[in-house]
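Taking it in order: structure first as structure tokens, then the write-up.
Where a number appears in this text, it was derived from the coordinates with a stated rule and is not lab data. All figures in this text were calculated on a predicted structure; none of them were measured in a lab. Reconstructed Cβ throughout: ideal geometry from the backbone, glycine too, with neighbour counts over all protein chains shown.
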Amino acid sequence: MGAGPLTPEQARAAIAEATAARAPMRGSDRVFAVRLFALAAATVGLAALLALFGLLPPWMGPIEGLLAGVGLGGAVVLVLAAQTRQRAQTREGKRIFLTTVVIWVVWAEVVQEFSFRSDWMFHGLPQVVRGGHLLVSALIAVVPLLIGALMLGRRR
């Protein structure tokens, strides 16, 4: 803008820009929903993979855990790496995304602790049953991710 008075078009453009900046969320925040859905899919997919690992010989136990940890850690790192490259989202969208991830981590830990302490994941259960229980626990654990993705995905 120049030093002189604003033209009506410049004033309208400035008002539109200010209104857009004040909007709590934008359509560009939908990329967060995709990332949250990706984390949820990775979590459930890895739980399904672990359930299938139960059909493998018992000596592969440590390898299974390592592969699952690397897979989930890799998914989280990829999502967070993509997150640092994006700067077009609103502060509110970023805040909701980060809050959702933190709530998910805490909630997943609660689900895991409950699953083991209630004998839902008891080691003595048949492997097929334990695998099914692991998959159900993973589906329960991703609920915060799905809620956050729906919140961010419904923006205009």
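From most to least packed by mean Cβ count within 10 Å, the peptides 128-137, 144-153 give 144-153, 128-137. Between Leu52 and Val34, residue separation times 0.36 nm minus the direct Cα-Cα distance comes to 3.8 nm.
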